Amino acid sequence: MSQGPFPSALKDQLEHVLKTTTLAKQSAGIAVKHPNDEGTSEASRAEVTATATSTSVTSIDEIKKALESGAQKISTECTKLALLFSKPPLPSSDECGAVTSEIESAVTFLAATYSLLSPSSHGMTLKTEFQHAAERVLGGLNMLVSALLRNGSSSSSSLQGTGSVWESCTAMSKVSKDNISAALKVFINQLHLLRDVQSQVDEVVSNNGCSALEDDLEEEDDLEEKDDEKTTATQWSPEEKYFVQPSLRLLKITLDVTEILSRLIVTKGNPEDLDEILKIDTMVTNVKKLSPLYVSY
């Protein structure tokens, strides 16, 4: 069944949600402004600032609850929006406008509450975790609205878009309770990566420079070609072997130090000590540099 042309009023309302989300993200510092993006409007910045100023939350517990509340509000209103577009006919501009207005208010509230987070008071590691969660929430919202703009009344696009919003909003409730917990997550992730590297290096050492996968492939080649030159070529040279053991010892020391730091911040760390917050953030920055995935820009 054809749903007819997409009314310009509905299109303008949905596109305004996308613009509001982009400007709110930039105003609050949730997303870095891209050179090709429109400039952050003074009105948007003023709205976010005014909302942040009017709120009475100050502690990290209050900010966390407010962010969770904002995310839940976005989830609820997005569900209403998806239901409006779930089947023909398209909603009226009044119906759509009532919901998009609530979504925009929730987006502004979320951005304003996020702007209350202070790296010096609450920790940069914790703020970064909240930033990623907020980006997911607003990204899920954008995906839903963009799908509605493309497809109009479509149950499949509405369901998929709503599911993405629900998932991202649920993630907000799983953000760490303080900077120590946020730092511990980073340390644990780095430990997993480092242990994986250690396991792979140990495997290559036991195979004289070849991984198990390479050995399997080479055995198949040997059966077919009766040629072991390829295996010899991939094995380590004496010079390479010279650096293996020192490298393994360095990796082991890195693992041990990271584990010790993890235990120390849990047993000795004080999430309300401003000096410790700065020190923990510095440790997190340095531990991230140990990751095999670390890229220096």
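Quick look at the numbers
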quantity: Whole-Hz ³J(HN,Hα) from phi, Karplus 6.51 cos²θ - 1.76 cosθ + 1.60, for the stretch 264-270, glycine and proline x; calculated: 5, 5, 6, 7, 10, x, 10
quantity: Per residue, the convex hull volume that the Cα atoms of the stretch 56-212 enclose (Å³); calculated: 133 Å³
quantity: Burial ranking of peptide ranges 278-290, 168-180, 194-206 (average Cβ count within 10 Å, highest at the top); calculated: 168-180, 278-290, 194-206
quantity: Surface accessible to a 1.4 Å probe, Trp166 within the full protein complex, Å²; calculated: 130 Å²
quantity: Peptide ranges 61-74, 241-254 listed from the most packed, as the mean C-beta count within 10 angstrom indicates; calculated: 61-74, 241-254
quantity: Under 22 Å from Lys241, Cα to Cα: lysines that are on another chain or at least 8 residues apart; calculated: Lys230, Lys252
quantity: Nearby lysines by direct alpha-carbon distance to Lys177 (threshold 27 angstrom, same-chain neighbours under 8 apart not counted); calculated: Lys25, Lys64, Lys65, Lys73, Lys127, Lys185, Lys268, Lys279, Lys288, Lys289
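The values are calculated or read from the model by the stated rules, or taken from the named source; none is laboratory data. Note that the coordinates shown come from a computational prediction; the quantities given were computed from them, not determined experimentally. For neighbour counting, all protein chains shown are included, and Cβ atoms are generated from backbone atoms with ideal geometry for every residue, glycine included. Keep in mind that these areas ignore ligands, DNA and RNA; they rest on the heavy atoms of the full protein, side chains included. Shrake-Rupley method; radii C 1.70, N 1.55, O 1.52, S 1.80 Å.
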